[in-house]
Structures are given as structure tokens and as C-alpha cells.
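Inspection log for the structure reproduced underneath, given as C-alpha cells.
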Amino acid sequence: MSTRPKLLLLAAIIASFVISLFSSHINPYYLDVLVGIGINIVLAASLNLINGYTGQFSLGHAGFMAVGGYSAAMFSIHCSGKILPALGGGLFASQALFVVALIAGGLVTALVGLIVGAPSLRLRGDYLAIVTLGFGEIIRVILQNTEAVGASRGLTGIPLYTNFFWTFSIAALAIYVITSMVHSTHGRGFLAVRDDEIAAEAVGINTTRYKVTAFVIGAFFAGVAGGLYAHFKQYLNPDGFGFMASIEIVVMVILGGMGNMAGVTAAAILLTLLPEFLRVLSGWHIPLPFTDASISLKWIAGTRMILYSLLLILIMLLRPQGLFTWKIKKKSPSGK
Amino acid sequence: MTTPASTIDLLRMESCTIQFGGLTAVSDLSFGIGENDLVGLIGPNGAGKTTVFNLITGVYTPTSGSITFQGKSLKGKKPYEITASGVARTFQNIRLFQSLSVFDNVRAAFHLHLRQSICDTILRSRKFHKEEDEIENRVMELLEIFNLGRFRDAYARYLPYGDQRRLEIVRALATQPRLLLLDEPAAGMNPTEKIELMRLIQFIEEKFKISILLVEHDMQVVMGICRKIVVLDYGIKIAEGPPSEIRKNSKVIEAYLGDTAKTDGTP
């Protein structure tokens, strides 16, 4: 049991490296969806730390993603002009710069998370949700009006660095860091804060510190996810980081089951695939038996988002505890 | 036994007053708890007993007066800091971590004495494993003492009521306190359970060599085990002394039973 998490992380990184070697053989559309899945896993996992494990309802995760995305992108754009040629401009140099850009984006976002979190984490439940919602909107409006980052036209000219390897290594790393942090005596503090703040204080847990820690680490990974996104789409637009984007991440966490990392990961995969699947479905024709006629599923194309929403409603009605949460006894309560 | 201000007291409340707006919940209260002492704090409903707890544990700050623990003032300290300095408590209405297992409820309380950094935790260093194993053993040891070992993996919310009460005490003990505050531990218990609880409290005092302050309005429980009793009524201390004295104290009888009931011998 003792070295397993680290081994799993290593295995995931090696696997994503191997798959990445063959990525040129993968249909670009599939690759696009796959990278989208990876980025959503990072986002959902990091929000799971804040919403799921620590119980702080944050609605500003897309705002964090935007901060990280724009910072990392600006870093790369500046470097690709001067520093990269100086380093020889090779693949290794550009990839190394990319890592630095991602970390820089993550750190800037973590700092923003600290600034936003420290005062607002005194609030609870709905109130915190509204504050974080406001934060997300402020970020969006600031970006929309800052000429240096392209304002509402969006930021272009971001180099393409993100690939399968980075996306899934980072997804694995995010899951590893968050689960190994939570599954420890240290980490029981997050859950204790979620369950009962007064009792948590009574057993010596500094609740504010735990909440801010969750917020900062969650923001860091959201920022890194933003960096991945920026260097994948090569274009950032403030409108992409609105309220709806935050809601989508929240839906992944709730659907997967708050504080259930495997479930949240599965939900991130499912919810990224679902719209794509409905898109594919709309191209199908179901042949009617005994005739030459067939039913076209073209109508799905127009009602795709309605179907998506309907499915969410159904899932919530049928499985309010989360799609992937079963009431089973934990294997190891020590959670190591 | 009516203690004057003494330096050997573990905890000392000195003329504490707290007002909520115009309401004085506790007025000019002074009393001390010595080392390995078992003190009862009693009084009718609304006398201010739980307020005293909240004053000691830092939930409220006294409007005037001082509270010192091991010679140090607790003024301005947050509840978690007071717990860290060695005062643990339970709650009148049980407050367990509902969605955590019995084991994890106690483990969370060991958090205070962790020596590993968050990096050790994330990197799963050798230090982390060693310490987690150590904590696991100590949690199980505590749970076994209180006969809760068999519930180790059960969710705290599914425990029977009496076991939940005991688990809360175990959780408080896991913070390794010098002083344990028990807020109406006998609430909702039947007479047999109450007797069991009295034994348990005495056992804790002897086994862990700590002081206990017990808030209770059940006279039977307090009289049976406490060495000293402080009686509150409307936020004012009306009596302090050993159970034998308190039992005969006319003010206490009046507060509890009203003046007409003086003839009834049982408190």
C-alpha cells in the first residue's frame, strides 16, 4: 500500500508519454476531445478539493482558469519573441519554457486565490458562492477591457505547446497531489471543516487556514489547466471564461459525487464526451424495418444542449448523491 | 474549599462577566480548577453553564474579567489555539464529523500534534508513513479503551446515541488535553447509562491524569463524582464547595426546586 500512489502516478505519466508518441496517428478531432477531457479533469479535480472535500461552494473556477491561461500565454508570447531564440529554439527549450509558463500561470492564480480567498472564506455556503461568482465576472470584465491582452477580441498568437503528454501527466499529478493530501491525518482537516466547522475548531483545526489552503491549491491547478488550454487552442477569449464555464465545472463535481475523486474524474470525462456524442448521434440515420425509409436524428443537432441539460436534471433526480457514489464500505478507512 | 485565587490552579476564571446587548449571561464569576480535579458546574436551565464553556474555549470573549490556563491568559485566543494549549471540549448537542468514519473522527483530532509538513504528506515520505502508522496505533488504542474499536469503519452518524457521546469524548481526548470540558454528557441518557457515564468520567480522570470540568443539570451525576461543585443561577455563582455542602445549601435547593419544595429531601 505504501508506495502505490506514487507508482500509479509514475505509470500514468509513462502511459501518457507513450500514447503521446503516437499522437500524430490519432485523428485530430479525437485528439482535440482527448485533450479537452484532460483539461477538464484537472479543473474538476481542483474544484473537488474546494467544493467537494472542503465544502466551500466556489463558483469562480473559470475565473481562476482565465487568470492562469492569460498569465501563462502572456509569458509564452513574450518568451517566444526573445528568450526562445536565445535558447536555440529547439523542442526541448520550448517544452521547458512551456513548463515554466504553466507553473508561472499556476502561481499567479494561486496568489489571486489567496487574495480572493483570505477575506471571503469567512463567508459560508450561498454567500461564498456569490462572492466567487462576482470574482469570476470581475476577471472576465477586466480581461475584456485590457488592451494588452487583446481585450474583447481575444488573445492570439499563443504558441502550440500543449500535447497529450502534458495534459494527462498534469491531470494525473493534480489527482495525485489532491488525493494524497486529503487521504492523510493532515487531510482529514479538510473533511472536518466541511462536516462541522465548530467541532473542527474544537479539535484544534485552524479552519480558516484549511479553507485558504484548499482555495490556493485549487486555484493553482485551475491556473495550470488554463495554461494548458491556452497553449492548446492558441487563442483565448474572455467570453469563454464566463459564469457558464464555472457552472460546468461545478456540475462535474456534483455529478461525480462531492469529494469522490474517481467519480469526479469519470464525470469530467463523461461530460466532455456527452456533447460530442450527441453531435455524432445527430448524424445517424436509423433504418426503419421493412421499408427503405429511415429516421434521421438530425433534430438532435438543434436540441443538443437541451438534451444535455435534461440529462443533467434526470441524473440529479435519480442519483442526487452523485452518479459515481455508491454507499459501500471504504476498503481502508485509514485512507492511506 | 471555597478556593481563593491560587497560583496552583490549572484554570482560573477571575471575575468574568459577559453581556449580550443588555443581557448579562454570566456575571462576575470566579472559580478555579486544580490539577487532576473533577469539578462540576451546575445550575438550572439557562443559568449560563454553556456560556461559561464558550468563554473558556474562546467562542466568546468575556466583556470583563480574565481567564488563565496554566498561568497564561486565554484572552484573544481562537478556539483552535485554546485547544492546542490543552483544553478540549465536547458539545451539548453532539457535534461529530458525520460523514467521517469513527476512526477518522479521532484521527482528525491528532492533527494538532503532527510533526510532518504538508510536503511530507503529498510526497508520502518515510516520515509520513511512520507517523501515520503511529497515529493509527494510537487512535485504535484510544478506541479500544472506550470499546469503540469494533466500530472503526462505521460512519459516525450511524452509531447509537450513547456511543456517539463516547466517541466525542474520545475525540476530545485525542487532542491530548490537560483539561477536558464535558457539556451535559448525560443529556438524553437513561439512569443505567448515567451510572455507566459516571464510572467512565472517573475512569478518564484516573487513566489520563487530567482535570475535568463537567457541566450538568442532572444532580445525581454531578453529586456522585465531582470533588467540587460550582452552582450558577441566572449567571451568578450562588455556591461553591464539595457535594456534601452543596446538597445542604439552601440557596441551591431554592434555585433548583423553588422555596416550596424545601421539605423534599432529595436534590
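Readers should treat all values here as calculations from the given coordinates under stated rules, not as data from a laboratory. Not measured: the values here are computed from a predicted model. Methodologically, a virtual Cβ is constructed for each residue, glycine included, from the backbone with ideal geometry; neighbour enumeration extends over all protein chains shown.
Each of B:Lys194, A:Lys233 was scored by other Cβ atoms within 10 Å of its Cβ. Listed from fewest to most, they are B:Lys194, A:Lys233. Under conditions of 25 °C and 0.890 mPa s, region B:170-240 yields 189 µm² s⁻¹ as its translational diffusion coefficient, taking Rh as the Kirkwood radius over Cα pairs in the Stokes-Einstein equation.
Once you sort the root eigenvalues of the Cα gyration tensor of region B:56-161 as a ≥ b ≥ c, which label holds: rounded (a/c under 1.5), prolate (a/b larger than b/c) or oblate (the other case)? Oblate shape, in that a/c is at least 1.5 and b/c is the bigger or equal ratio. Using only alpha carbons, region A:76-198 has a radius of gyration to Kirkwood radius ratio (Rg to Rh) of 1.06. Shape analysis of region A:105-171 places it in the oblate category; the axes a ≥ b ≥ c from the Cα gyration tensor give an a/c of at least 1.5, with a/b not above b/c. For the protein assembly as shown, go through all pairs of different Cα atoms, get the mean of 1/r, take its inverse, and jot down that Kirkwood value in Å. Hydrodynamic radius (Kirkwood, Cα only) of the protein assembly as shown equals 27.4 Å. Helical runs assigned H by DSSP (4 residues or longer) give the protein assembly as shown a calculated mean residue ellipticity at 222 nm of -18000 deg cm²/dmol, each run adding -39500 (n - 2.57) before division by the residue total.
Each of A:Met252, A:Met316 has some number of other Cβ atoms within 10 Å of its Cβ, and from fewest to most they run A:Met316, A:Met252. Can you find, among B:Val26, B:Ala47, B:Leu112, the residue sitting farthest towards the positive end of the charge dipole of the protein assembly as shown, where Lys and Arg contribute +1 and Asp and Glu -1 at Cβ? Value: B:Leu112.
Charged side chains reduced to their Cβ positions (Lys and Arg at +1, Asp and Glu at -1) give the protein assembly as shown a dipole of some 980 debye around its Cα centre. Add +1 for every Lys or Arg and -1 for every Asp or Glu among the other residues with Cβ under 13 Å from the Cβ of A:Arg153, and state the total. Here the charged neighbours net out to -2. Relative to the first principal axis of the alpha-carbon coordinates of chain B, what is the inclination of helix B:191-208, with its axis defined by its Cα atoms, in degrees from 0 to 90 and to the nearest 10? Approximately 70 degrees, to the nearest 10.
Built from the Cα atoms of region A:242-282, the convex hull projects on average onto 3.1 nm², one quarter of its surface area. For chain B, the percent of C-alpha pairs falling in each 5 Å distance bin, counted from 0 to the bin holding the largest distance, reads 1, 6, 12, 16, 18, 16, 12, 9, 5, 3, 1, 1, 0, 0, 0. Between A:Ala199, A:Ala245, A:Gln56, the Cα set farthest toward the positive side of the dipole of chain A (charges on each charged residue's Cβ, about the Cα centre) is that of A:Ala199.
Principal-axis analysis of the Cα atoms of chain B puts helix B:161-174 at an angle of about 70° to the longest axis.
Of all DSSP-defined beta bridges confined to the protein assembly as shown, some 60% are antiparallel rather than parallel. Taking the Cα centre of region B:1-148 as origin and assigning +1 to Lys and Arg Cβ atoms and -1 to Asp and Glu Cβ atoms, the resulting dipole is close to 420 debye. Classified by the C-alpha gyration tensor, region B:27-67 has an oblate form. Its axis ratio a/c, with a ≥ b ≥ c, is 1.5 or above, and a/b does not exceed b/c.
Among A:119-127, A:178-186, A:133-141, sorting by the average number of other beta carbon atoms lying within 10 angstrom of each residue, highest first, gives A:178-186, A:133-141, A:119-127. Taken as entire DSSP H runs, the helices of chain A that both span 18 Å or more between Cα atoms along their own long axis and average -1.0 or more on the Kyte-Doolittle scale are A:4-21, A:28-47, A:61-81, A:91-120, A:125-144, A:164-182, A:207-233, A:243-256, A:261-281, A:299-318. Relative to the Cα centre, the charge distribution of region B:98-164, modelled as +1 at Lys and Arg Cβ and -1 at Asp and Glu Cβ, gives a dipole magnitude of about 160 debye. Against the empirical curve 2.2 N^0.38 Å, the C-alpha radius of gyration of chain A lands at a ratio of 1.05.
Under Stokes-Einstein, with the Kirkwood radius over Cα pairs as Rh, the value for region A:183-322 at 10 °C and 1.306 mPa s is 85 µm²/s. Residue exposure proxy: B:Ser244, A:Ser23, ordered by other Cβ atoms within 10 angstrom of their Cβ from fewest to most, comes out as B:Ser244, A:Ser23.
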